[in-house]
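**Q** This is the structure I have questions about; it appears just below.
The values are calculated or read from the model by the stated rules, or taken from the named source; none is laboratory data. Bear in mind that the values here come from a model prediction, so they are computed numbers and not experimental data. Virtual Cβ from ideal backbone geometry, glycine too; neighbours counted across all protein chains shown. Heads up: the accessible areas ignore ligands, DNA and RNA and are worked out on the full protein's heavy atoms, side chains in. Shrake-Rupley method; radii C 1.70, N 1.55, O 1.52, S 1.80 Å.
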Amino acid sequence: MKIGTYAMFKKRPRPLVGIDIGSHTIKLVELTGSGQNRRLRRLGRALVPKEAIVDGAVREPETLENTLKALIQNCQPKLRRGASSVSGYSVIVKKINVPYDNERDIEENLIFEAENYVPFEIEEVYLDFNLIGPSKTPKGEQGSEIFLVAAKKEVVDSYADLLQNSGIRPAVIDVDGFAIGNAFEGAKGVINDSVVLMDIGASKSTFSIIKAGMPLFTRDMSIGGGQITKTIGEALGIEFSEAEVIKIKGIDDPIIARDVSKIVKDYVEDWAHEVRKAIEFFKSNSEPLDAPKSLYLTGGSSLLRGICDVFEDVIGIETKRFDPFCNMDKDDKIDRDYLSSVAPQFAIATGLAIRVED
């Protein structure tokens, strides 16, 4: 389904550069090749001014355009067609059953089905779907299970405009949760066990469960590293930017370091309990064989020290950081030490670059 000059989810015949526009940083990834021969050619990130994006909505387009233009200039990607993604309160992703057994009928009737599930005026949203598989209607007739996706037009258009005004033609606007799943499949291949993917950003997190390359469950959560930074700043009476440095790099003063460590630990434990609730909710509405066996963390806040151990202790399943480039060749110009320190932050951008590859 085309949406103006761009589409949601649909693969395009040409490779695109993946651009993840977050509330804290913009990440860019450019790949070459395909399948097992993918190669990381370019990547980069740029800090986003505070409040430029709030709850997934663009608040300062000119500032963001300048930031993205500078990032593109620095990275020098060869590709000039791009993919980005949206999330937050203006995006609805819901698994539903429809009484149609082929994609054409689903697409033709999607607007009528969506009216039962979308809490916005239907004229204000773009609609799309991701086919999961066949299902039965209550009357026993053949139907389909789909992920219904509705995104407010003003939000989707604002992201597309950011790319367009920065010199990148917008070809695909995706959803964060699907992009992360695509990055995982690209790096690990199709895994038959259910896996939890948790991307923890600055102001929100994306929680997904996938199995055999298929998304089973996805939702956004009000969890983010900015909460920790704000609390550290208030506790120490310092600016947000100073608190961010202390959160990431630590501090020599042992008393302050102890207080900061407790703040971080308390938040991470709360996050882990929220994720555990989401997993339990999924399990209560799913087949026992779909229970997740492992959890992978991505996003900037996944780099917090000890976070994997806390999640594993609270949730009770193996927890690791996810490196989207773990099985990928890299350009000789890319610093390997730098890449290993930032790789989990690039999961969404990598999934965008992989999803739309020819």
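Here is a yes/no grid of residues against (1) over 30 Å from Leu31 (Cα atoms); (2) touching a residue at least 60 places away in the same chain (Cβ under 8 Å):
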{"residue": "Ala83", "(1), (2)": "no, yes"}
{"residue": "Val91", "(1), (2)": "no, yes"}
{"residue": "Asn97", "(1), (2)": "yes, no"}
{"residue": "Asp105", "(1), (2)": "yes, no"}
{"residue": "Asn109", "(1), (2)": "yes, no"}
{"residue": "Ala114", "(1), (2)": "yes, no"}
{"residue": "Phe120", "(1), (2)": "yes, no"}
{"residue": "Phe129", "(1), (2)": "no, no"}
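**Q** Then there's this: Among the candidates Lys320, Lys333, which residue alone is outside any helix (DSSP H, G or I) and modelled with pLDDT of 95 or more?
**A** Working: Lys333 fails: modelled with pLDDT of 95 or more.
The unique qualifying residue is Lys320.
**Q** Within segment 69-90, work out how many residues are surrounded by 15 or more Cβ atoms within 10 Å (Cβ to Cβ), outside any loop (DSSP other than H, G, I, E, B) and either of a type in the set (A, V, I, L, M, F, W, C) or over 21 Å from the mean Cα position of the chain (by Cα) (or both). Full working, then the answer.
**A** To start, the set of residues in segment 69-90 that are surrounded by 15 or more Cβ atoms within 10 Å (Cβ to Cβ) comprises 69, 71-72, 75, 77, 79, 81-88, 90.
If we keep only those that are outside any loop (DSSP other than H, G, I, E, B) as well, we get 69, 71-72, 75, 81-86.
Filter again for either of a type in the set (A, V, I, L, M, F, W, C) or over 21 Å from the mean Cα position of the chain (by Cα) (or both), leaving 69, 71-72, 75, 83, 86.
Residues meeting the conditions: 6.
**Q** When segment 106-125 is examined, which residues are found to be assigned to a loop (DSSP other than H, G, I, E, B) and either surrounded by fewer than 14 Cβ atoms within 10 Å (Cβ to Cβ) or in contact with a Pro (Cβ under 8 Å, 6 or more places away or on another chain) (or both)? Step through it out loud before you land on a result.
**A** Filtering segment 106-125 for residues assigned to a loop (DSSP other than H, G, I, E, B) gives 115-121.
Answer for segment 106-125, where residues must be assigned to a loop (DSSP other than H, G, I, E, B) and either surrounded by fewer than 14 Cβ atoms within 10 Å (Cβ to Cβ) or in contact with a Pro (Cβ under 8 Å, 6 or more places away or on another chain) (or both): Glu115, Asn116, Tyr117, Pro119, Glu121.
**Q** Then there is this: With the condition being open to solvent by 60 Å² or more (accessible area, probe 1.4 Å) and at negative phi, I'd like the strands (runs of 3 or more DSSP E) fully within segment 163-242 carrying at least 2 qualifying residues.
**A** On the way: elements: 169-175, 195-200, 205-211, 214-221.
Ranges flagged: 214-221.
**Q** Right, something else. Considering only segment 252-259, I want to know if a residue exists there that is small (Gly, Ala, Ser), in contact with an Asp or Glu (Cβ under 7 Å, 6 or more places away or on another chain) and free of Cβ contacts under 8 Å to residues at least 40 places away in the same chain. Step through it out loud before you land on a result.
**A** Filtering segment 252-259 down to residues small (Gly, Ala, Ser) leaves 257.
Add one more test, that the residue is in contact with an Asp or Glu (Cβ under 7 Å, 6 or more places away or on another chain), and what stays is none.
For segment 252-259, residues small (Gly, Ala, Ser), in contact with an Asp or Glu (Cβ under 7 Å, 6 or more places away or on another chain) and free of Cβ contacts under 8 Å to residues at least 40 places away in the same chain: absent.
**Q** A further question follows. In the list Val245, Val268, Val264, which residue meets the criterion of being in a helix (DSSP H, G or I) and at pLDDT 95 or above?
**A** Working: Val245 fails: at pLDDT 95 or above; Val264 fails: at pLDDT 95 or above.
Going through Val245, Val268, Val264 in turn, the sole match is Val268.
**Q** Tell me, please, whether a residue that is in contact with a helix residue (DSSP H, G or I) (Cβ under 8 Å, 6 or more places away or on another chain) and more than 23 Å from Gly177 (Cα to Cα) can be found in segment 120-138.
**A** No, the conditions are met nowhere in segment 120-138.
**Q** Tell me the residue from Arg14, Arg45 that is assigned to a strand (DSSP E or B) and open to solvent by 30 Å² or more (accessible area, probe 1.4 Å), please.
**A** On the way: Arg14 fails: assigned to a strand (DSSP E or B).
Of the residues listed, the single one that is assigned to a strand (DSSP E or B) and open to solvent by 30 Å² or more (accessible area, probe 1.4 Å) is Arg45.
**Q** Test Val268 against the stated conditions and say whether it is under 16 Å from Gly306 (Cβ atoms) and free of Cβ contacts under 8 Å to residues at least 60 places away in the same chain.
**A** Details: under 16 Å from Gly306 (Cβ atoms): yes; free of Cβ contacts under 8 Å to residues at least 60 places away in the same chain: yes.
Answer is yes for this residue.
**Q** Follow-up question, since we're still on this one. Inspect segment 278-290 for any residue being surrounded by 21 or more Cβ atoms within 10 Å (Cβ to Cβ), among the small types (Gly, Ala, Ser) and in a helix (DSSP H, G or I) and give the result as yes or no.
**A** no
**Q** Please specify each residue of segment 48-68 satisfying the condition of being under 21 Å from Pro170 (Cα atoms), among the aliphatic types (A, V, I, L, M) and open to solvent by 10 Å² or more (accessible area, probe 1.4 Å). So that I can check it myself, show each step before the final result.
**A** Let us first name the residues in segment 48-68 that are under 21 Å from Pro170 (Cα atoms), namely 48, 52-53, 56-68.
Filter again for among the aliphatic types (A, V, I, L, M), leaving 48, 52-53, 57-58, 64, 68.
Within segment 48-68, Val48, Ile53, Ala57, Val58 qualify.
**Q** Does Val314 satisfy the condition of being at pLDDT 95 or above, open to solvent by less than 30 Å² (accessible area, probe 1.4 Å) and more than 16 Å from Phe207 (Cα to Cα)? Working first, answer last.
**A** On the way: at pLDDT 95 or above: yes; open to solvent by less than 30 Å² (accessible area, probe 1.4 Å): yes; more than 16 Å from Phe207 (Cα to Cα): yes.
When the stated conditions are applied, Val314 passes them.
**Q** Scan segment 19-40 and report the pairs whose first residue is farther than 16 Å from Gly351 by Cβ and open to solvent by 20 Å² or more (accessible area, probe 1.4 Å) and whose second residue is part of a strand (DSSP E or B) and among the hydroxyl-bearing types (Ser, Thr, Tyr), with Cβ atoms within less than 7 Å and a gap of 6+ or a chain change.
**A** Arg39/Thr32
**Q** Six or more apart or on different chains, Cβ under 7 Å: which pairs go from a residue in segment 147-165 that's over 28 Å from Glu115 (Cβ atoms) to one that's buried (at least 22 other Cβ atoms within 10 Å of the Cβ) and of a type in the set (A, V, I, L, M)? Could you list them?
**A** Taking only residues 6 or more apart or on different chains, the pairs are Leu162/Ile21; Leu162/Leu64; Leu162/Leu68; Leu163/Ile19.
**Q** Tell me, which residue of segment 275-309 that is small (Gly, Ala, Ser) and in contact with an Asp or Glu (Cβ under 6 Å, 6 or more places away or on another chain) is farthest from Ile191 (Cα to Cα)?
**A** First, the residues of segment 275-309 that are small (Gly, Ala, Ser): 278, 284, 286, 291, 294, 299-302, 306.
From the residues that got through so far, the ones that are in contact with an Asp or Glu (Cβ under 6 Å, 6 or more places away or on another chain) too are 294, 299.
Details: Ser294: 11, Gly299: 21 Å.
Restricting to residues being small (Gly, Ala, Ser) and in contact with an Asp or Glu (Cβ under 6 Å, 6 or more places away or on another chain), the top hit is Gly299.
**Q** On to the next question. Residue check: is Ala160 touching a Lys or Arg at 6+ places or on another chain (Cβ under 9 Å) and either over 30 Å from Val264 (Cα atoms) or assigned to a helix (DSSP H, G or I) (or both)? Working first, answer last.
**A** On the way: touching a Lys or Arg at 6+ places or on another chain (Cβ under 9 Å): no; either over 30 Å from Val264 (Cα atoms) or assigned to a helix (DSSP H, G or I) (or both): yes.
It is false that Ala160 is touching a Lys or Arg at 6+ places or on another chain (Cβ under 9 Å) and either over 30 Å from Val264 (Cα atoms) or assigned to a helix (DSSP H, G or I) (or both).
So that you can scan it fast, the table gives a plain yes or no per residue for (1) touching an Asp or Glu at 6+ places or on another chain (Cβ under 6 Å); (2) modelled with pLDDT under 95; (3) closer than 29 Å to Gly22 by Cβ:
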site: Asn130; (1), (2), (3): no, yes, yes
site: Gly133; (1), (2), (3): yes, yes, no
site: Lys136; (1), (2), (3): no, yes, no
site: Lys139; (1), (2), (3): no, yes, no
site: Gly143; (1), (2), (3): no, yes, no
site: Val149; (1), (2), (3): yes, yes, yes
site: Leu163; (1), (2), (3): no, no, yes
site: Ile168; (1), (2), (3): no, no, yes
